[in-house]
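The values are calculated or read from the model by the stated rules, or taken from the named source; none is laboratory data. Being a predicted model, the structure only gives us computed values, none of them experimental. Glycine also receives a Cβ, built like all others from the backbone with ideal geometry; neighbour counts cover every protein chain displayed.
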Amino acid sequence: MGTEWLSGRSFDTEAGKNRSFSPLYGTNHLYNGFMDYFYFGTNHFNSFGLNDYYLKSTYKFNSNSNLQADFHAFTSNGKLGLNNLGEKYSNYLGTELDLVFTQKVGKVITANLGHSFMFSGESMKFLKNVPEPKNLQTWTWIGLKIAPNFRLK
């Protein structure tokens, strides 16, 4: 359980003042979830900031396999602005659930299967500038890690 807090500016911040922190070489999947909604290759730099409240857990089936579940709740750090009705956008951006199954196959090979769910909040439309986004986005991936142990004499 933890949080990552990245400062940001509000929509009404004076021109020329930027209090945003942008992780140039971030730890994208350590915090911020696996779906890369924020910072990684996006327009989120020098923006409203990001708060990532997360809970991570791993269940070990046996010595060779486990299931990791990461829950993230995302909010903006700065005020996002006003909608067409003059109402403030909520700072809540969305919730992400990441599931990763890991299986060791022999001494040097590990296979991973991951699936992520992003449940977008209403403010995500404004932040991402997408008029009619789906409230649920999903992503599945497979990874194979081969890590031989070479010993030099």
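Some observations on this one:
- Enumeration of residues in segment 77-107 that are part of a loop (DSSP other than H, G, I, E, B), in contact with a strand residue (DSSP E or B) (Cβ under 9 Å, 6 or more places away or on another chain) and not charged (D, E, K, R): ASN77, LEU80, GLY81, TYR89, SER90, ASN91
- The single condition among (1) out of contact with any strand residue (DSSP E or B) (no Cβ under 7 Å at 6 or more places or on another chain); (2) not in a loop (DSSP other than H, G, I, E, B) that THR110 does not satisfy is (1).
- Restricting attention to segment 30-61 and to residues that are under 15 Å from ASN129 (Cα atoms) and polar (S, T, N, Q), the residue that is modelled with the highest pLDDT turns out to be SER47.
- When LYS104, LYS153 are checked against the criterion of being among the basic types (Lys, Arg) and either closer than 30 Å to GLY49 by Cα or modelled with pLDDT under 90 (or both), a single residue qualifies: LYS153.
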